[in-house]
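Just so you know, all these numbers are worked out from the coordinates, no wet-lab data involved. The structure displayed is predicted, hence computed values, not measured ones. Neighbour counts are summed over all protein chains in view; Cβ atoms, including those assigned to glycine, are modelled from backbone coordinates with ideal geometry.
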Amino acid sequence: MSLSDINCKNAKPCINPNKPHEDFSGKAYKLFDGGGLYLEVLPTGSKLWRIKYRYLGKERRLSLGAYPVVSLADAREQRMEIKKLLAKDIDPAQARREVRQGLIRNAENTFKAVALEWHEKQVGGWSDNHANNVLRRLKRDVFPYIGNRPIANIDAPELLDVLRKIEKRGALDIAARARQVCGQIFRYGMQTSRCKHDPSVALKGALQSKKTKHFAALEPKEIPELLRALERNDARLFARTRRAIQFSMLMFLRPSEIIMARWEEIDWDAKEWIIPAERMKGREKHIVPLSDQAIQVLKDQHEETSMLNTPWIFPSTVRPLNHMNKETVAKALWALGFKGRMTAHGFRAMARTAIREKLEYDPDIIEAQLAHKPTGANGAAYDRCRHMDKRRAMLQEWADYLDAASRQGQVIRANFGK
């Protein structure tokens, strides 16, 4: 005889409906529903659903929850699911353990937990600035929405919803970078068996694209105009600011690499500037040959700053113990009349174009000076010292070209500090 909900509800801890004349005080009894399912009534008044089944010839029991939280209908539904597993030769108890372990793994392997683990493994190959930027954007734009979600449960629509929030701010480039970073985190999750797919792949093309805006840079034919403006100095720039512009033109490295240059990095005998790995974007040491004109700029700068007791080649004019502000060169170019036409970063593009067109150097030599890793199989074996002799010749020829491009022919070598 099967149970009814009334039977379950009215079952008392001391009275067994099947044996109403016996006193069951202090004892548990069972009300059977069939198919191994029964309700166990405990002396405390608690009522627990259990099921008996046989697997590989052995009798086993499994708890299905407490009544009335688990209703009679719920218990029967669980019984049916257990029968289906047994029909497939699957032990229901083992299946339940695997589900529970999966839930525990998901609770531990949230997107945030996996992302922080991934980030920790990447920082060794990144600059401090890049590592901080990636983590800050994750904390601001991603973690508040999916940080506590199991990484294995996040799908493409959920990730897209996060990226749309960034997109609505008009930060299209940040949204695109967030998709890329999330994709790397999901792929790391796949590699470490925390998730099975990367939902960012399905979002390719789903975000608004922003037209690439390159740093403003002068054309080779406009170089004399800049040199003449630098010589006239109508903007009354500080001497060290003008030298920072000179050095940027001669070296065409990243603005941060210029303004954070230290005297200890200069090898005067070898005529080389050795930039340590921790200051390079690619986290590899970069050796830069110095032309005669670059050496002269450094000598003039050293003469001016030697009494300041500062480690920086280009110290701040206000606080010499700090390096020059990253905006100083850009603002100086604006003051010289080149706002919208030239940026501190634009010296790289200007030099690349002029050296290829006017001096006809191989692109690989130019890219080596720019500290760009080559693409393809050789990229991993990149050597910052490659093409050293050719780069040395190229930088000297480039400095001579700038001299020739100036109206008087001596601007770069002029001692602006005197």
How much length is gained on full extension from residue 321 to residue 191, taking 0.36 nm per residue of separation minus their Cα-Cα distance?
-> 42.2 nm
Residue pairs, from the table 139/326; 271/358; 9/30, whose Cα atoms sit over 23 Å apart = 139/326; 271/358
Which of these values of Cα extents along the principal axes in Å was calculated from the structure shown: (i) 120, 43, 40; (ii) 88, 47, 45; (iii) 84, 54, 43?
-> (i)
Given H placed 1.01 Å from N in the peptide plane, which residues other than close sequence neighbours of residue 66 have an amide H under 5 Å from its amide H?
-> 49
With a sphere of radius 14 Å drawn around the Cβ of residue 354, what net charge do the other residues whose Cβ falls strictly inside it have (Lys, Arg +1; Asp, Glu -1)?
-> -3
Return the long-range amide H neighbours of residue 195 (sequence gap of 5 or more, or a different chain), with a cut-off of under 5 Å between placed amide H atoms.
-> 190
Cα extents of segment 111-203 per principal axis, largest first, Å, are 33, 30, 21
Residues whose built amide H sits under 5 Å from the amide H of residue 261, excluding neighbours closer than 5 in sequence, are 313, 314
For segment 351-368, take each phi angle, set θ = phi - 60°, evaluate the Karplus expression 6.51 cos²θ - 1.76 cosθ + 1.60, and give the result in whole Hz per residue in order, putting x for glycine and proline.
-> 5, 4, 5, 5, 5, 5, 7, 9, 9, 6, 8, 4, x, 4, 5, 5, 5, 5
With the chain treated as a Gaussian network of Cα nodes joined by springs under 10 Å, which of 346, 35, 57 yields the largest mean-square fluctuation?
-> 57
Range in the chain, longest, excluding exposed GluC sites (Glu not before Pro) [loop by DSSP; at most 12 other beta-carbon atoms within 10 Å] | 23-326
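Computed over the Cα atoms of segment 291-341, what is the convex hull's projected area averaged over all directions, in nm²?
Convex hull of Cα atoms, orientation-averaged projection: 4.5 nm².
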If one builds a Gaussian network model of the chain from Cα atoms under 10 Å apart, the most fluctuating residue listed among 205, 124, 36 is 36
To the nearest 0.05, what FRET efficiency results for residue 32 and residue 172 with a Förster distance of 56 Å applied to their C-beta separation?
-> 0.30
Across 5 Å bins from the origin, how do the percents of Cα pairs in segment 220-405 run, short distances first?
-> 1, 8, 17, 21, 22, 16, 10, 4, 1, 0
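Computed FRET efficiency, Cβ-Cβ of residue 120 and residue 285, R0 25 Å: what is it to the nearest 0.05? Don't skip to the answer; put the middle values down first.
On the way: r = 23 Å, r/R0 = 0.94.
Efficiency at R0 = 25 Å is approximately 0.60.
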For the chain, what's the relative contact order in percent, using C-alpha pairs closer than 8 Å and at least 6 residues apart?
-> 12 percent
Derived scalar couplings ³J(HN,Hα) [segment 111-125; Karplus, 6.51 cos²θ - 1.76 cosθ + 1.60; whole Hz; x for Gly, Pro] | 4, 5, 4, 5, 5, 5, 5, 4, 4, 4, 7, 9, 4, x, x
Phi to ³J(HN,Hα) by Karplus 6.51 cos²θ - 1.76 cosθ + 1.60 over segment 47-62, Hz, x for Gly, Pro | 10, 10, 7, 9, 9, 9, 8, 10, 9, 6, x, 10, 7, 9, 10, 9
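Compute the convex hull volume of the Cα atoms of segment 5-101, divide it by the residue count, and report the result per residue in Å³ as a whole number. Working shown, then result.
Values: hull volume 10.8 nm³, N = 97.
In segment 5-101, the Cα convex hull volume per residue is 111 Å³.
Quote the FRET efficiency, to the nearest 0.05, computed for residue 239 versus residue 264 with a Förster distance R0 of 22 Å and r equal to the Cβ-Cβ distance. Spell out each step's value before the answer.
Details: r = 22 Å, r/R0 = 1.02.
Result of the calculation: an efficiency of 0.45.
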Treat each spin label as a single point 7 Å out from the Cα along the C-beta direction, and report the residue 277 to residue 89 distance in nm.
-> 5.5 nm
Using packing as a proxy for protection, rank 2-14, 145-157 so that the peptide with the highest average count of other Cβ atoms within 10 Å comes first.
-> 145-157, 2-14
